[in-house]
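We did not get these values from a lab; they are worked out from the coordinates using the rules stated. The structure presented is a predicted model; accordingly, all values stated were derived computationally and were not measured. With ideal geometry, Cβ positions are generated from the backbone for all residues, glycine too; neighbour counts draw on all protein chains shown.
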Amino acid sequence: MVLRERPAASPRGTLLLVHGLGESGLCFEGLFEAPALADWHLLVPDLPGYGRSPWPPEPLGLAGHADHLAAWLESRGAPPVVVVGHSLGGVIALLLTERHPARVRALVDVDGNKSAADCTFSGQVAGQPLAEFRAGGFDRLRAAVHEAGRDDPAQRGYHVSLRLADPATFHRDSRELYDLSVGETLAARLAALPQPHRYVAGGPGGASPRSLELLRAAGVPFDVVAPSGHWPFIDQPAGFLAVLRAFLDRL
């Protein structure tokens with residue numbers, strides 16, 4: 001995997017920032033440069049099939065992404081990390097924590113899917129055969145994001161990363177993400193983690209009301225950063241950093 005890394009002189013710990021569906025580590029540029037995180041060692045990979053990382057011969061799938069991250073962290077000799085996962089990255093962070101608990105110190109889930117209402121992009125792709133998606137579906141999705149990016153800096157950046165994404169990886173990840181979201185079990189699974197965890201939603205344009213309802217019912221502590229869309233760390237960086245820093249300071 002291609003990695004952006006920012007060491008700290010005397011780090012309080014390591015933050016692993018995991019991007020979302022079709023995204024890349026570029027989306028975390030603001031966090032990467034934030035003085036508020038200067039005392040944390042930052043690791044920002046592009047997942048296989050996304051950003052500048054090579055396209056795998058076969059898509060890894062969501063559990064495969066989690067296992068790949070765990071093996072990569074082990075190969076680096078990294079201490080247990082605080083995982084900050086956005087959107088699809090929030091679901092991968094959950095799987096990483098469930099499957100490899102020794103690798104994770106704590107988890108921050110940022111607008112990660114919890115119900116079908118969150119499947120803005122994956123829902124458009126899940127019902128398409130891969131051949132159809134390759135033949136035109138991906139182009140249509142990218143064109144729509146490009147148009148939305150005229151007035152939305154987060155989607156403008158998203159379009160840049162989408163142009164680098166492997167269609168097969170995007171397609172498989174979309175289908176698995178949609179299936180998990182429809183099942184509405186992810187909030188309860190997040191609540192069941194023994195590691196410290198918190199959910200951060202963008203509002204009103206981020207996590208759906210149904211997902212917030214599921215989180216509340218499961219007892220997951222969460223914050224809403226507003227006004228924001230799906231990328232609260234881009235739309236409201238100061239508000240997001242205040243929430244993240246408060247969580248980190250409690251560890």
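Applying the Karplus parametrisation 6.51 cos²θ - 1.76 cosθ + 1.60 with θ = phi - 60° to the phi angles of the stretch 205-218, what ³J(HN,Hα) value in whole Hz is obtained for each residue in order, glycine and proline being reported as x?
With the stated coefficients, the stretch 205-218 comes to x, x, 3, 6, x, 5, 5, 5, 4, 5, 5, 5, 5, 7 Hz.
Can you give me the relative contact order of the stretch 130-229 as a percent, contacts being Cα pairs under 8 Å and 6 or more apart?
Details: 82 pairs, mean separation 21.4, N = 100.
Answer for the stretch 130-229 is 21 percent.
Counting only C-alpha contacts under 8 Å and six or more residues apart, can you give the relative contact order of the stretch 1-158 as a whole percent?
Answer for the stretch 1-158 is 21 percent.
Sort the chain into rounded, prolate or oblate with this rule: let a ≥ b ≥ c be the square roots of the eigenvalues of the Cα gyration tensor; rounded if a/c is under 1.5, and if a/c is not under 1.5, prolate when a/b is larger than b/c, oblate otherwise. All intermediate terms of the calculation are to be shown ahead of the outcome.
Numbers: a/c = 1.35, a/b = 1.25, b/c = 1.08.
Here the chain falls in the rounded category.
Based on the Cβ-Cβ distance from residue 179 to residue 2, what FRET efficiency comes out when R0 is 22 Å, to the nearest 0.05? Walk me through the numbers on the way to the answer.
Working: r = 28 Å, r/R0 = 1.29.
Once the sixth-power term is evaluated, E becomes 0.20.
Mind listing the long-range amide H neighbours of residue 197? Cut-off is under 5 Å, sequence gap 5 or more, other chains count too, H placed in the peptide plane at 1.01 Å from N.
107
Could you state the angle between the C-alpha long axis of helix 88-99 and the longest principal axis of the C-alpha atoms of the chain, as a value from 0 to 90 degrees rounded to the nearest 10?
Its long axis makes an angle of about 60 degrees.
I need the shape label for the stretch 126-251. Rule: rounded when a/c is under 1.5, else prolate if a/b > b/c, else oblate, with a, b, c from the alpha carbon gyration tensor. If you can, show how the numbers build up before the last one.
Values: a/c = 2.33, a/b = 1.42, b/c = 1.64.
Oblate, since a/c reaches 1.5 and b/c is not below a/b.
Can you pull out the trypsin sites (Lys or Arg not before Pro) in the stretch 161-190 that DSSP calls coil and that have at most 16 other Cβ atoms within 10 Å?
Values: sites: 163, 172, 175, 189; in loops: 163.
Hits after loop and neighbour filter: 163.
If the only charges are +1 at each Lys and Arg Cβ and -1 at each Asp and Glu Cβ, what is the size of the charge dipole of the chain around the Cα centre, to the nearest 20 debye? List each step's numbers first, then the result.
Numbers: 23 positive and 27 negative charges, 68 e Å.
So the dipole magnitude of the chain works out to roughly 320 debye.
Multiply the residue separation of residue 163 and residue 238 by 0.36 nm, subtract the distance between their alpha-carbon atoms, and state the gained length in nm to one decimal.
Values: separation 75, 0.36 × 75 = 27.00 nm, distance 2.86 nm.
Full extension from residue 163 to residue 238 adds 24.1 nm.
Regarding the stretch 86-173, what's the average projected area of the Cα-atom convex hull, expressed in nm²? Spell out each step's value before the answer.
On the way: hull surface 26.7 nm².
For the stretch 86-173, the mean projected area of the Cα convex hull comes to 6.7 nm².
Any chance you could give the angle, 0 to 90 degrees and rounded to 10, that helix 167-183 forms with the longest Cα principal axis of the chain?
70 degrees
Order these by the 10 Å Cβ neighbour count, fewest first: 197, 41.
Starting with the residue having the fewest Cβ neighbours, the order is 41, 197.
Starting with the fewest neighbours, write out 145, 224 ranked by other beta-carbon atoms found within 10 Å of each beta-carbon. Present the calculation step by step, with values, prior to reporting the outcome.
Numbers: 145 21, 224 18.
Listed from fewest to most nearby Cβ atoms, that is 224, 145.
Rank 185, 226, 35 by how far each Cα sits towards the positive end of the charge dipole of the stretch 3-250 (+1 on Lys, Arg Cβ; -1 on Asp, Glu Cβ) and give me just the farthest.
Positive-most Cα among the choices belongs to 35.
Can you put 27, 119 in order of Cβ neighbours within 10 angstrom, beginning with the fewest? Spell out each step's value before the answer.
Details: 27 25, 119 21.
Exposure proxy ranking, most exposed first: 119, 27.
Quick one: if you take sqrt(5λ) for each eigenvalue of the C-alpha gyration tensor of the stretch 14-153, what semi-axes come out, biggest first, whole angstrom?
Values: eigenvalues 143, 68, 39 Å².
They are 27, 18, 14 Å, listed from largest to smallest.
Evaluate the distance, in nm, between pseudo-label points positioned 7 Å from the Cα of residue 99 and of residue 140 along their respective Cα→Cβ axes.
3.2 nm
Place a point 7 Å from the Cα of residue 210 along the Cα-to-Cβ direction; which residues of the stretch 172-186 have their backbone N under 18 Å from it?
The answer is 174-186.
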